[in-house]
1. Could you tell me which of G93, M106, I124 has its Cα farthest along the dipole of segment 1-157 towards the positive end, charges placed at Cβ (Lys, Arg +1; Asp, Glu -1), taken about the Cα centre?
2. Whole-Hz Karplus ³J(HN,Hα) for segment 71-85, in order, using 6.51 cos²θ - 1.76 cosθ + 1.60 and θ = phi - 60°, x for Gly and Pro?
3. Give the angle, between 0 and 90 degrees and rounded to the nearest 10, that separates the Cα long axis of helix 324-337 from the longest principal axis of the Cα atoms of the chain.
4. Applying the Karplus parametrisation 6.51 cos²θ - 1.76 cosθ + 1.60 with θ = phi - 60° to the phi angles of segment 96-112, what ³J(HN,Hα) value in whole Hz is obtained for each residue in order, glycine and proline being reported as x?
5. With every protein chain present, what is the per residue accessible area of segment 293-493 (1.4 Å probe, Å²)?
6. Angle, helix 194-209 long axis vs. longest principal axis of the chain, Cα atoms, 0 to 90°, nearest 10?
7. Collect residues whose amide H, placed 1.01 Å from N in the peptide plane, falls under 5 Å from the amide H of F105; neighbours closer than 5 in sequence don't count.
8. Could you run the Karplus curve 6.51 cos²θ - 1.76 cosθ + 1.60 with θ = phi - 60° over segment 457-472 and give me ³J(HN,Hα) per residue in whole Hz, x for Gly and Pro?
Amino acid sequence: MTVMRARLSDRVLPSISTAMVPAYDRSRVSPGIVHLGIGAFHRAHQAVYVDDCLAAGDTGWGVIGASLRSPATRDALKPQNGLYTLAVRGRDGEQLRVIGSIVGFMVAPEAPEDLLASLCNPGIRIVTLTVSEKAYLRNAAGDLDAAHPGIVADLANPGRPQTIFGFLAEAIARRRSAGLMPFTILCCDNLPSNGAVVSRLLQQFCTLRNAELACYAEGEIACPSSMVDRIVPATTGEDRRRVSEALGFEDAWPVITEPFRQWVIEDRFTMGRPRWEEHGVTMVRDVAPFEEMKLRLLNGAHSATAYLGLLLGRETVAQAFGDSRIRRFVQGLWAEAIPTLRSGAGLDPQAYIAELAQRFDNPALVHRTAQIATDGSQKLPQRIVASALAQLQAGRPTDHLALAMAAWMAAVETRGRILPVGHFADPLDQKLTEIANKRMTAQDTVNAVFDSAGFANGSVHRDRLKALTARHLETIRNRGVEIALASLSTQEATP
Ligand code: CS2
């Protein structure tokens, strides 16, 4: 039976009794942040911290959420006045909270001029980004891919941008000619030194556009780095139905997440910032040790679990991590990654992995291995390759890390055979499929994939890593992933 419920909106907030709702007057909130990439992750993370700040009276920091591609989020949430439900699922049940911090929407391809106008609004003091690794448009050498069609178009037509760099550079130029201070750019993507990466690529883009703008951007734009952490499985139709039922109102796009959340930010903001530190955010001088630990231990284990899970028929992280063969493998991977972390930052990797094991085990989260498997060519350098090269440099074991690389390649080859063709996607798919279709030896395959993805470019340990990866790929191909896992040494990190 279909139940007709009223849509979630400002008007119905007073009648919601099953969820925490914004306890502040949303009509008094003014926008202070433009967020590029208004997907589920932003809505489970940064938007929640901002919601906390708004509730505490810091009302100048509402978020304008921009999509660079699809209108889907705007279409779902605008009729709800930007409100949506956050469902936090832990072992002891689920808590619902309606988030009110998103106060406007933009869909860049439909109206680039509107997004530029927002970015040039004097009240906007911070631009945050979660656009995923591939939107930074880097070539295999890690520099801005000047031949990318989006970059070519943005240089030819600066007033109608398509890429993040086109929007940022045009807004910076316009603010400058209007005598406005530049906003701070706060990257929230899973990249090491993400602020420095954005700053360098933006600089490269500005140099192609106009040398004077490049100098200005170099001197005046603050790009602090940040580390973001919260596991956010994609929302399913069943989630929509269940959350709407529990709320008593129709929510077209709730977001599902875990209880854990963490945000570490370098405290360099040119035009002020919300009082995030009063709401659980760690403000630091240097985010690098936090970022490195998160990328290598959480994300590295996540990617490995996803590819091994796919090869062993495990659909979710909790199922894969519940498989003793994968769990043991992850412990071995952690044992290899931990010695590569810089010391002296006061972090405790052992306590961190103990907590990670509990987070991965959370049975209430349906986090699909295929979701994490997406975009491996963009993720593996910072999650796996970086640790592997550091281990090889120190003459220490690298077997688990190399097997994780091989598992990715094997999972790619398995698409169209055991796994459906589009089971997970990658920006290098065309090349990866060409390579897989050639049915080359494991070593030739690994060589071709490393070249296409730019893995370990410039490292003296590249050939060694390729050889180790090829050995595992060969075993997985010929004898199966179980044998490949069983052949590893049993070195483990506790737990
Ligand atoms: C995951 C991340 O999809 C993925 O690649 O590893 O999105 C992960 O869930 C987050 O980084 C957790 O903070």
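The values are calculated or read from the model by the stated rules, or taken from the named source; none is laboratory data. Here the structure is a predicted model, which means the values were calculated and not measured. Cβ coordinates were reconstructed from backbone atoms using ideal geometry, including for glycine residues, and neighbour counts include every protein chain displayed. Ligands, DNA and RNA are excluded from the accessible area calculation, which covers all protein heavy atoms including side chains. Shrake-Rupley method; radii C 1.70, N 1.55, O 1.52, S 1.80 Å.
1. G93
2. Along segment 71-85, the couplings run x, 4, 5, 4, 4, 6, 9, 4, x, 9, 6, x, 7, 7, 9 Hz.
3. For helix 324-337, the angle is close to 80 degrees.
4. 9, 9, 8, 9, x, 7, 8, 10, x, 10, 9, 10, 3, x, 6, 8, x
5. Per residue, segment 293-493 has 40 Å² of solvent-accessible surface.
6. So the helix axis and the longest Cα principal axis differ by about 70 degrees.
7. Sorted by chain and number, the residues that satisfy this are G65.
8. Result, ordered by residue: 3, x, 8, 6, 9, 4, 5, 5, 5, 5, 5, 5, 5, 4, 4, 5 Hz.
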